[in-house]
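Have a look at the structure below, then the notes.
The values are calculated or read from the model by the stated rules, or taken from the named source; none is laboratory data. These figures come from a predicted structure and were not determined experimentally. Note that we place each Cβ from the backbone using ideal geometry, even for glycine, and neighbour counts take in every protein chain shown. The area values use the complete protein model at the heavy-atom level, side chains included, leaving out ligands, DNA and RNA. Shrake-Rupley method; radii C 1.70, N 1.55, O 1.52, S 1.80 Å.
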Amino acid sequence: MHDLSNDNLPPEEEEGNVEYKLKLINPTDSRLEHLVTQMKWRLQEGQGEAIYKIGVEDNGVCAGLTDQELNSTMGTLKSMAEKLGADLTVLREREVDSLVLGERKRVSEVLVRRVPDDQQFLDLRVSVLGNADAGKSTLLGVLTQGQLDNGRGQARLNLFRHLHEIQTGRTSCISHEILGFDSKGNVLNYSELQTSESICSAASKIITFIDLAGHHKYLRTTIFGLTSHHPDFAMLVVAANRGVAGTTREHLGLAMALGVPTIAVVTKIDLCPEAVSDRACRQLEKLLSGAGCGRIPFRVRSEDDVYTAAAGMGGEGSKIVPLFKVSSLSGANLSLLTKFFNVLSPQKNQREQEKLMQELPQFQVDEVFSVPEVGAVVGGTLSHGVITEQNNLIIGPNTEGRYLPVTVTTIQRNRAPCRVVRAGQAASLSLINIDKDDIRKGMVLVSPELKPSCCIQFEATVFLLYHPTSALCPGFQTTVHVGSVRQTAVVEKIHNDTESLNQNEQSVVTFRFVCYPEHLRLSSTLLFRERTTKGIGQITKVFPFTPGERIQKRQRKHSQRSPSSSSPPGYASSDELMSVSSSKRQHVER
């Protein structure tokens, strides 16, 4: 992390979207052409955004420019941006020490953002975490609706999807809201534009907030939102009057385990004295900088801090956690949070995106709908490739382990129609040649050329975070989360000398799904939990499943059972589950 007010910055890097320029005064035509090409490269690295630091040498020395030199340089920079269809926004300026007595020199930081073309705006996804009653939904309502709360939760009503959420004031499902910015950095929300389609058409950058449940009984929904929606950032919300309480630590641990960069926000500062809200900030700072997290909290108190924090979060491996204190009732410091999202850069650069786009399409199904006169609609994230209208794909695996052919008819992103969806983007796809009842969460929509397989059994390198008893043994049943896959699995084998796994130990574990086969990718991150038991791991091996194999196995067992104990093909019977439970008890007693 570095500050523009310092005399020196780190040397300029060839990669990334940050460019240092000492001065740009009356360049020749060939020089201007080279500068335009360079700006185009920086915009590609930032997926449509670039930061220019004017008056700074390539080695990071802030030499500064006089007023006349700075004005001439800004004129050249503007003509470069116009050639690429981009706009300029001056973020901040600072005076620097000059060797010549009495001469005033400045350095400037400028945001260059491309004007949107065919809805190819920059889209960042932010998952919102925190304990129940921390003010998550109210904060999102104020940011996206452009109107302050009335102190009784009016701002959050537009985010709720169920009657019981309105009655209790608690989020129980996953909802999405968008906040847009145009090419000049102006906020686009529902206060001026009535529909999400109009916001997307005018925006150069969209922040998609994924509002997750805070109450502990909805924890599996929260985990599903984190693993399946692949957020770029996580925003941890803490109430100033309650501090770090409830599920706050657990939510932060999930974000850390999945490697999601975190932003911290302390809300409701209007409800308590400043000393109380500062105590909540200190609790949060202690939690973030502790041995389990190892992060560097950075309090954001001014506009200059906003740009310093946003620059510090750039790139993979950053440990900076910006900390904001806001009020959804009075609006205190909300402008700082909005400006932060305006200049926040994506973690992946354009080359990584293009590499993913060259592969065959793979779409993870997170939600399933049935729309009148349209048919089956699936929502999710495209992890690889490109999908266009009228693409012929296959979807699966179903309960028999088979993939079914489908055709994509229409595509929507953020509730706005579009013709194409690219790798890393979330979208909704309408499908024909299939019924809604044949689709479930956790399926994948892929190209037939991939010839995808599925598995009922897999191995993973697992680290056991917490287990209430002495050791985890074979036969233990747990809920496994891998991307959009969420299913009960049984621990079949633990590959170590003791055939058991103690807390804070690591081992290779073989899992078997209880209900039906799933599509899993090697090296995917795995989370599993059962009540207080928690673990994390990485998939190292999958055992291909042959369609019909498990059904035949069940049919053989079915012939040995009485008709009254029969169960649907492909599902575990009550006798089998009792057998697994008995095996589990024997291992525990041993």
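Which percent, to the nearest 5, of DSSP beta bridges fully inside the stretch 18-114 are antiparallel?
On the way: 18 of 22 bridges.
Approximately 80 percent, going by the DSSP bridge assignments.
With n ≥ 4 as the cut-off for DSSP H runs, can you work out [θ] at 222 nm for the chain, using -39500 (n - 2.57) per run divided by the number of residues, rounded to the nearest 500?
Working: 13 runs with 148 residues, N = 590.
Calculated at 222 nm, the ellipticity per residue is -7500 deg cm²/dmol.
Could you run the Karplus curve 6.51 cos²θ - 1.76 cosθ + 1.60 with θ = phi - 60° over the stretch 394-399 and give me ³J(HN,Hα) per residue in whole Hz, x for Gly and Pro?
10, 10, x, x, 7, 5
In Å², and per residue, what accessible area does the stretch 199-330 have when probed at 1.4 Å with the other protein chains present? If you can, show how the numbers build up before the last one.
Details: 4640 Å² over 132 residues.
Spelled out: the 1.4 Å probe surface of the stretch 199-330, per residue, equals 35 Å².
Ignoring ligands, DNA and RNA, please state the percent of accessible area on the chain from carbon and sulfur, probe 1.4 Å.
On the way: 12540 of 26600 Å².
The C+S portion of the solvent-accessible surface of the chain is 47 percent.
If amide H atoms are built 1.01 Å from N in the plane of the peptide, which residues on other chains or at least 5 residues away come under 5 Å of the amide H of residue 299?
323
Pull up all non-local amide H partners of residue 60: gap of 5 or more, or a different chain, and H-to-H distance under 5 Å with H placed in the peptide plane.
Counting only residues 5 or more places away or on other chains, the set is 12.
Rounded to the nearest 5, what is the percent of antiparallel bridges among the DSSP beta bridges in the stretch 122-347?
Bridges in the stretch 122-347 that DSSP calls antiparallel: roughly 25 percent.
Ordered by packing density, taken as the mean number of other Cβ atoms within 10 Å over each peptide's residues, highest first, how do 81-93, 500-512 rank?
Ranking, from highest mean packing down: 500-512, 81-93.
If amide hydrogens are placed 1.01 Å from N in the peptide plane, which non-local residues have theirs closer than 5 Å to the one on residue 418?
The answer is 411, 412, 413.
Could you provide, to the nearest whole Å², the per residue accessible area of the stretch 18-114 with probe 1.4 Å?
Details: 4590 Å² over 97 residues.
The answer is 47 Å² per residue.
In nm, give the distance between the simple-model label positions of residue 217 and residue 318, each being 7 Å from the Cα along the Cα-to-Cβ direction.
Between residue 217 and residue 318, the label points sit 3.9 nm apart.
Which of the peptides 387-397, 148-158, 476-486 is most tightly packed, and how do the rest follow, judged by the mean count of other Cβ atoms within 10 Å per residue? Working shown, then result.
Details: 387-397: 18.4, 148-158: 16.4, 476-486: 21.8.
Per-residue mean Cβ counts within 10 Å order the peptides as 476-486, 387-397, 148-158.
I need to check one value: relative contact order of the stretch 18-114, counting alpha carbon pairs closer than 8 Å and at least 6 residues apart, in percent.
Values: 179 pairs, mean separation 34.1, N = 97.
With pairs under 8 Å counted, the relative contact order is 35 percent.
For the stretch 511-525, just list the computed ³J(HN,Hα) in residue order, Karplus coefficients 6.51, -1.76 and 1.60, θ = phi - 60°, integers in Hz, with x standing in for Gly and Pro.
Here the 3J(HN,Hα) series is 10, 9, 5, 7, 9, 7, x, 10, 8, 10, 9, 4, 6, 6, 6 Hz.
Residue by residue, what Karplus-based ³J(HN,Hα) values in Hz, rounded to whole numbers, does the stretch 104-109 have, using 6.51, -1.76 and 1.60 with θ = phi - 60° and x for Gly and Pro?
9, 10, 9, 10, 9, 10
Would you mind calculating the relative contact order of the stretch 119-275 from Cα pairs under 8 angstrom and at least 6 residues apart, reporting the percent as a whole number? All intermediate terms of the calculation are to be shown ahead of the outcome.
Details: 305 pairs, mean separation 49.6, N = 157.
Taking the mean separation of contacting Cα pairs over the length of the stretch 119-275, I get 32 percent.
Distance between the C-alpha centers of the stretch 284-321 and the stretch 434-465? Whole Å please.
Each part reduced to its Cα centre gives a spacing of 36 Å.
Using Stokes-Einstein with the Kirkwood hydrodynamic radius over Cα pairs, what translational diffusion coefficient do you get for the stretch 122-347 at 20 °C and a viscosity of 1.002 mPa s, in µm²/s rounded to a whole number?
Values: Rh = 17.4 Å.
Using the Kirkwood radius from Cα pairs, D works out to 123 µm²/s.
When DSSP beta bridges are limited to those with both residues in the chain, what percentage is antiparallel, rounded to the nearest 5?
Counting only bridges with both partners in the chain, antiparallel ones make up about 80 percent.
Run the numbers on the chain and let me know its relative contact order in percent, using alpha-carbon pairs under 8 Å that are six or more apart.
On the way: 1353 pairs, mean separation 56.2, N = 590.
It comes to 10 percent, rounded to a whole number.
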